[in-house]
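Values in this text are rule-based calculations from the coordinates and carry no lab data. Owing to the predicted nature of the structure, the values given are computational and were not obtained by experimental measurement. Note: ideal-geometry Cβ built from the backbone for every residue, glycine included; neighbour counts use all protein chains shown.
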Amino acid sequence: MPICPAPVRSLDAAAAAELTTVAAELLAEHGSATAPELLAVLPEACAALGEDVRSALRPVDTADGLFVLRGLGLDDAEIGPTPGHWSTVGGAGASWDVVLLLVSALMGTPIAWDGQQDGRFVHNIVPSPGYESEQTGASSSVLLTPHTEDAFHPGRAHLLLLCCMRNHDRIATTAASIRLAGLADEDIAQLKRPVVPILPDDAYEQAQQFTGRTAPVPALSGSGTGLTLRFDPAYTPIEDADGTWQEAYRRLEDELARVSVAVSLEPGDVLVVDNDVVVHGRVPFKARYDGTDRWLKRASVRVEGRPTRPAAEDDEHGYGQAALTAWAS
Ligand SMILES: O=C(O)CCC(=O)C(=O)O
Ligand SMILES: [Fe+2]
């Protein structure tokens, strides 16, 4: 097995069995991973989990801003073929949706968006015909450029969870921490200025209809070893910014590329990323559309009070604020 370039938190066999058993029981009891009653009992189910599971599932707490949870066994035959589009997944791999919901609820509050994947709390990331060169998770033939998840939105996740269902070709997710980047003080000062906005990405149904203006936001916040970022060059009108800012932004992109790690997730792995510290992306690949393609499940988690977000964001009235459907635990 190749060395994983990210910290690994191992779940022992007993803890892994506990998590998958509780998930299977919840699914059997409620019939569907999207049942509101299942969401409602998550805090109770989490509280009943043993100390080993709870401690392995504490939020990210290292400077590299990510870890891989490893040890959950996934049976490739059991999950069925990789669907060709998120909308045709149905109940495939549904017990993994519940595993991901349990992990999310242990770390914070799972969130969903009305305009994305039918408002589901767990998204399916599969390559889809016709979307090959988009800048969304449905793409394949292009590099998915490093980005903060839902960067345009002040209600975005603090933690992003990617659970690997299938990855026969070991296609890497990329991750780069701002805490490891080396930037000159002048560049940091430039990038803390709110100069250009970040626009909603194409994964949102409403994005195409959006014609309004969004407020400029800073790319960097915090200071010293506590630097955080909000970054999505594919959806940022960089050319509208002044030259000095553009140069600093390019150097930020270069630094993120330099410190980027490529993590090939294995089935059952859950990659947990601090969305304020780490940008993630994906290398290009050739989709086969034969049921054996790469397949991830994704969840977004809010951790209120996590000291990684500039306070000014509280006053932001960005596009789609009403689209956030937070399930309050
Ligand atoms: O496919 C991946 O590894 C990451 C895709 C992505 O950016 C996401 O699901 O948010
Ligand atoms: Fe993403």
Q: Rounding to the nearest 20 debye, state how big the charge dipole of the chain is about its Cα centre with +1 on each Lys and Arg Cβ and -1 on each Asp and Glu Cβ.
A: 360
Q) Comparing ASP201, ASP150, ASP61, which has the greatest mean-square fluctuation in the GNM of the chain with Cα pairs linked when under 10 Å apart? A) ASP61
Q) How far, in degrees from 0 to 90, does helix 13-30 lean away from the longest principal axis of the Cα atoms of the chain, to the nearest 10? A) 80
Q.
Could you tell me how far the Cα centroid of the stretch 216-284 sits from the Cα centroid of the stretch 2-25, in Å?
A. 28
Q. Can you tell which of SER133, SER260, SER177 shows the greatest fluctuation in a Gaussian network model of the chain with Cα springs below 10 Å?
A. SER133
Q: For n ≥ 4 DSSP H runs only, could you compute -39500 (n - 2.57) per run for the chain, divide by its residues and tell me the 222 nm figure to the nearest 500?
A: -7000 deg cm²/dmol
Q) So what is the relative contact order for the stretch 8-304, in percent, with contacts set as C-alpha pairs under 8 Å and at least six apart? A) 31
**Q.** Förster-model FRET efficiency, 25 Å R0, GLU186 and THR136, C-beta, rounded to 0.05
**A.** 0.15
**Q.** Helix 243-259 vs. the chain, principal-axis angle (Cα, 0 to 90°, nearest 10)
**A.** 30
Q: Give me the number: length gained by fully extending ASP61 to ALA257, i.e. 0.36 nm times residue separation minus the C-alpha to C-alpha distance, one decimal in nm.
A: 68.3 nm
Q. Spin-label point model (7 Å from Cα, Cβ direction): what's the SER87 to ALA312 distance in nm?
A. 3.9
Q | Rough spin-label spacing in nm, given labels placed 7 Å along Cα→Cβ, for ARG288 and ASP12 | A | 3.8
(Q) Out of all DSSP beta bridges in the chain, what portion is antiparallel? Express it as a percent rounded to 5. (A) 95
(Q) If the elastic network links every pair of Cα atoms under 10 Å, which of PRO43, PRO200, PRO307 fluctuates the most in the Gaussian network model of the chain? (A) PRO307
**Q.** P(r) histogram, all alpha-carbon pairs of the chain included - 20 Å bins from 0, percent
**A.** 32, 60, 8
